[in-house]
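Colleague: Take a look at this one; I'll ask things after.
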Amino acid sequence: MSEKKFDLAILGGGPGGYTAAIRASQLGMSVGLIEKGYMGGTCLNVGCIPSKALIHSVSVYLEAKGAKSIGVKAADITADWSAIQKYRNRCVVKLRKGTESLMQKNNIDVINGHGVLKDDTTFDVDGTVIKSKNIILATGSRTKSLPSLPIDGKKLISSTHALSLDELPQRMLIVGAGAIGCEFAYIMSGVGVDVTMVEFLDHALPMDDEEISIEYEGLLKRRKIKIHTRASVESVDTTGDGVTAHVKPRDGGDEFTIETDIVLVSVGRGPCLKRCGYEDYDIPIERGFIQVDEYCHTGVGNIYAVGDVTGGLMLAHKASAEGIMVAEKIAGMDVSPINYNNIPRATYSKPEVGSVGLNEREARDQYGDTVKTSKFPFAASGKAVVEGKATGFAKLIAIGDEKKLVGAHVVGPSATELIATA
């Protein structure tokens, strides 16, 4: 049995893991990165990057179709789904190779295989023993399902399956209207799929500010996307050629059915914990997530955990920030805990949604009558008007006479970039 020794060993090569690896190497540590799949994790391979590639293709297609309204005439504009998929794959492969190159340039030893934690200094990777003074657990997350919606990869699919569909269905039911569900609603409706959504909570994008959610939901409907809120899919019948979904209103009323060709189950993500050895070594876990302190330390030896596996905001840039902080702390630098209120969230459909800080309900719960809000519509923005993107608005939430900013929310063009200002 071979053995390797490092100053830092990291389990998981996603944004949290590989960013921590690079920073640790820059600070003079020997680093081993254990990854059983592709470098880049969910974000690069089956998440952020491929979905944004599809969104970009669909956006260009829709803009070209509507170009006549601004004096540009073009004929025979079509969306070639097969070619769009090839573009999506090229983007993923190019960025994956770039990440692999970064590992080489930073002298990071990438160990391919399934890593299992053995104690606070040891991993077993398919028979290879990895010894390390410090450990970071960055195993990420996986798509979740529901007992009533067992994913089979054919008629009931996850977002991973939806990214690489060989053929487009005529009809798609999306269960869950969070950021992932709404992004796929935009993609699929944009290329002609008849999309219906079912969301258990009150509005689409239910975690966003309510005014933003209501505005966005209206824009979905303008795209002829049907959405049933305050409802749940109780069961599905897949015995025929398509799927019959049985839907139950949350607050009472008659149950109804939706006929569709395929169901995309988009009900969130859960941590990747199975077969990692965490439970066998007293890593603190609650509700399925690893528990950590403000510096991402687990309380066990020199073991840290970052990214989706710790819960909270499941975002690539959050994982990267945690990875950098932990690497610097291990190196003995004076670091500050991350301010999670200042982490922006984004939905990359058209229009985009960007938000940071508290929504209005949260602000009023914390600060009561001291809360002040203001809104600015894109219809009053000259640039938005001339670009034909004058829908939506920006909303600021402040407190006290000094009007201290505690939340900012944008629904409209370039929202995911504008939110950086706040």
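Colleague: Taking only the range 277-291 into account, find how many residues are out of contact with any strand residue (DSSP E or B) (no Cβ under 8 Å at 6 or more places or on another chain) and at pLDDT below 90.
Modeller: Adding up the residues that qualify gives 1.
To keep it simple, each residue is scored yes or no on (1) more than 23 Å from the chain's Cα centre (by Cα); (2) surrounded by 18 or more Cβ atoms within 10 Å (Cβ to Cβ); (3) farther than 19 Å from His161 by Cα.
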residue	(1), (2), (3)
Ile10	no, yes, yes
Gly28	yes, no, yes
Val31	yes, yes, yes
Gly41	no, yes, no
Gly47	no, yes, no
Ser59	no, no, yes
Lys65	yes, no, yes
Thr78	yes, no, yes
Ala83	yes, no, no
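Colleague: Now, a different point. Looking at the range 366-416, which of its residues are without any contact (Cβ under 8 Å) to a residue 24 or more places away in the chain, over 28 Å from the mean Cα position of the chain (by Cα) and assigned to a loop (DSSP other than H, G, I, E, B)?
Modeller: Passing the criteria: Ser381, Asp401, Glu402.
Colleague: Step by step: first the residues of the range 89-118, then only those that are charged (D, E, K, R) and under 17 Å from Glu3 (Cβ atoms), then the one that is least open to solvent (accessible area, probe 1.4 Å). Which residue is that?
Modeller: This residue is Asp109.
Colleague: Could you tell me which of the residues Thr121, Thr160 is more than 27 Å from Asn89 (Cβ to Cβ) and either open to solvent by 10 Å² or more (accessible area, probe 1.4 Å) or polar (S, T, N, Q) (or both)?
Modeller: Thr121
Colleague: Which of the residues spanning the range 124-146 are among the aliphatic types (A, V, I, L, M) and surrounded by fewer than 17 Cβ atoms within 10 Å (Cβ to Cβ)?
Modeller: Scanning the range 124-146 gives Val129, Leu146.
Colleague: Which residues, taken from the range 147-157, are over 15 Å from Thr260 (Cα atoms) and open to solvent by less than 70 Å² (accessible area, probe 1.4 Å)?
Modeller: Across the range 147-157, the qualifying residues are Ser148, Ile151, Gly153.
Colleague: Pairs only if they're at least six apart or on different chains, beta carbon under 6 angstrom, first in the range 42-55 and touching a residue at least 60 places away in the same chain (Cβ under 8 Å), second assigned to a loop (DSSP other than H, G, I, E, B) and open to solvent by 50 Å² or more (accessible area, probe 1.4 Å); list them, first residue then second.
Modeller: Filtered contacts from the range 42-55: Lys52/Tyr348; Ile55/Tyr348.
Colleague: If you don't mind, another one. Of (1) open to solvent by 10 Å² or more (accessible area, probe 1.4 Å); (2) in a helix (DSSP H, G or I), Gly192 satisfies all except one. Which?
Modeller: (2)
Colleague: For the range 30-145, please list each of the strands (runs of 3 or more DSSP E) lying entirely inside it that holds at least 1 residues being in contact with a strand residue (DSSP E or B) (Cβ under 9 Å, 6 or more places away or on another chain) and among the hydroxyl-bearing types (Ser, Thr, Tyr).
Modeller: In the range 30-145, the matching strands (runs of 3 or more DSSP E) lie at 122-125, 128-137, 141-143.
Colleague: Considering only the range 399-420, I want to know if a residue exists there that is at positive phi and polar (S, T, N, Q).
Modeller: Yes, the range 399-420 contains at least one residue that is at positive phi and polar (S, T, N, Q).
Colleague: Among the residues of the range 348-383, which ones are at pLDDT below 95 and among the basic types (Lys, Arg)?
Modeller: Lys350
The values are calculated or read from the model by the stated rules, or taken from the named source; none is laboratory data. Treat the numbers as computed from the prediction; the structure is a model and nothing was measured. FYI the Cβ positions are ideal-geometry reconstructions off the backbone, even for glycines, and counts take in every protein chain you see. Ligands, DNA and RNA are excluded from the accessible area calculation, which covers all protein heavy atoms including side chains. Shrake-Rupley method; radii C 1.70, N 1.55, O 1.52, S 1.80 Å.
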